[in-house]
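A short write-up of the structure that comes next.
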Amino acid sequence: MLGTVENHSLSRTAAFFDLDKTVIAKSSTLTFSKSFYQGGLINRRAVLRTAYAQFVFLAGGADHDQMERMREYLSALCRGWNVQQVREIVAETLHELIDPIIYDEAASLIEAHHTAGRDVVIVSTSGAEVVEPIGELLGADRVVATRMVVEDGAFTGEVEYYAYGPTKAEAIRELAASEGYDLARCYAYSDSATDVPMLEAVGHPHAVNPDRALRREALARDWPILSFDHPVRLKQRVPLSMPSRPALVAAAAVGAAAATAGLVWFASRRREPAARIARF
């Protein structure tokens with residue numbers, strides 16, 4: 001059952017959506033592993049490892065330590081990749097790989113928020129080169145995503161801005177300040193307990209297909225819990241006559257403050273002892 005979307009004309013508002021397992025049924029980054037292999041960016045061993053990581057992610061979600069391990073692995077993996085080649089691979093395979101795994105329920109919510117005059121913002125830990133085209137496909141107005149350092153047209157393997165945990169909430173506050181959003185009237189949707197800070201930042205938080213930790217949190221706080229389980233191709237559900245959304249605005253509004261906050265938080269987490277977890 002979908003949540004109710006209220007219409008309020010007195011203030012500007014937005015709906016913030018996590019991407020993986022909230023809007024789409026899989027990990028956006030890991031879904032492209034076969035395409036990156038075919039493009040010569042990764043080897044067969046890396047394909048198998050990312051396939052296993054996808055399985056772990058789908059089976060039970062990923063806690064903070066697993067997300068850190070995945071971040072470190074993917075950051076090292078993409079070192080030296082040509083950024084333009086990555087963008088071309090994503091553009092060429094976007095409809096084939098992503099369109100079939102978009103939740104119908106999420107697409108309906110995005111439409112409902114747009115109808116209510118509300119901006120839609122995708123907030124994802126995945127890289128901007130993957131998330132921005134998906135956001136455009138979904139008709140999102142803005143995207144907040146992880147950004148990697150680029151030198152001479154290639155990824156260095158270093159993270160410029162990590163959109164994860166508290167840094168997502170900071171990015172939302174930055175956008176609210178620059179765009180005039182009333183966060184008390186804004187909505188947010190996520191499947192993961194790592195996004196509790198993002199959900200706390202708005203007046204209407206929703207848990208979507210929540211992991212066990214987020215489900216406990218949602219029940220304790222009386223947050224609505226939504227179940228999305230019907231992936232459908234957008235072209236099978238969106239009328240061809242439907243007016244197109246404005247061009248996607250990249251997450252420049254996040255600004256240096258959010259990027260700095262992300263790096264400071266990330267550095268502090270790196271100094272903490274990591275829990276022992278199984279390698280994915």
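Points to keep in mind about this one:
- In the range 220-249, the residues that are of a type in the set (A, V, I, L, M, F, W, C), at pLDDT below 80 and either in contact with an Asp or Glu (Cβ under 7 Å, 6 or more places away or on another chain) or surrounded by 15 or more Cβ atoms within 10 Å (Cβ to Cβ) (or both): LEU234, LEU248, VAL249
- Counting the residues of the range 95-109 that are open to solvent by 20 Å² or more (accessible area, probe 1.4 Å), acidic (Asp, Glu) and either closer than 8 Å to VAL232 by Cβ or in contact (Cβ under 8 Å) with a residue 24 or more places away in the chain (or both) gives 2.
- Filter pass, ILE89 being open to solvent by less than 30 Å² (accessible area, probe 1.4 Å) and farther than 25 Å from TYR189 by Cβ: yes
- Filter pass, VAL150 being in contact with a helix residue (DSSP H, G or I) (Cβ under 9 Å, 6 or more places away or on another chain) and crowded, with 18+ Cβ neighbours inside 10 Å: no
- Positions within the range 140-165 being in contact with a Pro (Cβ under 9 Å, 6 or more places away or on another chain) and either β-branched (Val, Ile, Thr) or modelled with pLDDT of 95 or more (or both), in sequence order: ASP141
- Qualifying positions in the range 102-130 - of a type in the set (Val, Ile, Thr) and either outside any helix (DSSP H, G or I) or modelled with pLDDT under 95 (or both): ILE102, VAL120, VAL121, ILE122, VAL123, THR125, VAL130
- Screening LEU48 with (1) out of contact with any strand residue (DSSP E or B) (no Cβ under 6 Å at 6 or more places or on another chain); (2) at pLDDT 80 or above; (3) open to solvent by 70 Å² or more (accessible area, probe 1.4 Å) gives one miss only, at (2).
- Pairs meeting the criteria (first residue in the range 152-164 and free of Cβ contacts under 8 Å to residues at least 40 places away in the same chain and on the phi < 0 side of the Ramachandran plot, second residue part of a strand (DSSP E or B) and aliphatic (A, V, I, L, M), beta carbons under 6 Å, at least 6 apart or on different chains) are lacking.
- Within the range 205-219, if we keep just the residues that are among the hydrophobic types (A, V, I, L, M, F, W, C) and open to solvent by less than 20 Å² (accessible area, probe 1.4 Å), the residue that is farthest from THR13 (Cα to Cα) turns out to be LEU214.
- Filter pass, LEU175 being assigned to a helix (DSSP H, G or I) and touching a His at 6+ places or on another chain (Cβ under 8 Å): no
- If the condition is being open to solvent by 10 Å² or more (accessible area, probe 1.4 Å) and at pLDDT 95 or above, then the range 192-204 contributes VAL196, PRO197, GLU200, ALA201, VAL202, GLY203, HIS204.
- Single residue of the range 21-36 satisfying the filter (open to solvent by 10 Å² or more (accessible area, probe 1.4 Å) and at pLDDT 90 or above) that is farthest from ILE101 (Cα to Cα): LYS21
The values are calculated or read from the model by the stated rules, or taken from the named source; none is laboratory data. In this text the structure is predicted, and so the values were computed from the model without any measurement. Cβ atoms come from the backbone with ideal geometry, glycine included; neighbour counts cover every protein chain shown. Only protein heavy atoms, including side chains, enter the accessible area calculation; ligands, DNA and RNA are left aside. Shrake-Rupley method; radii C 1.70, N 1.55, O 1.52, S 1.80 Å.
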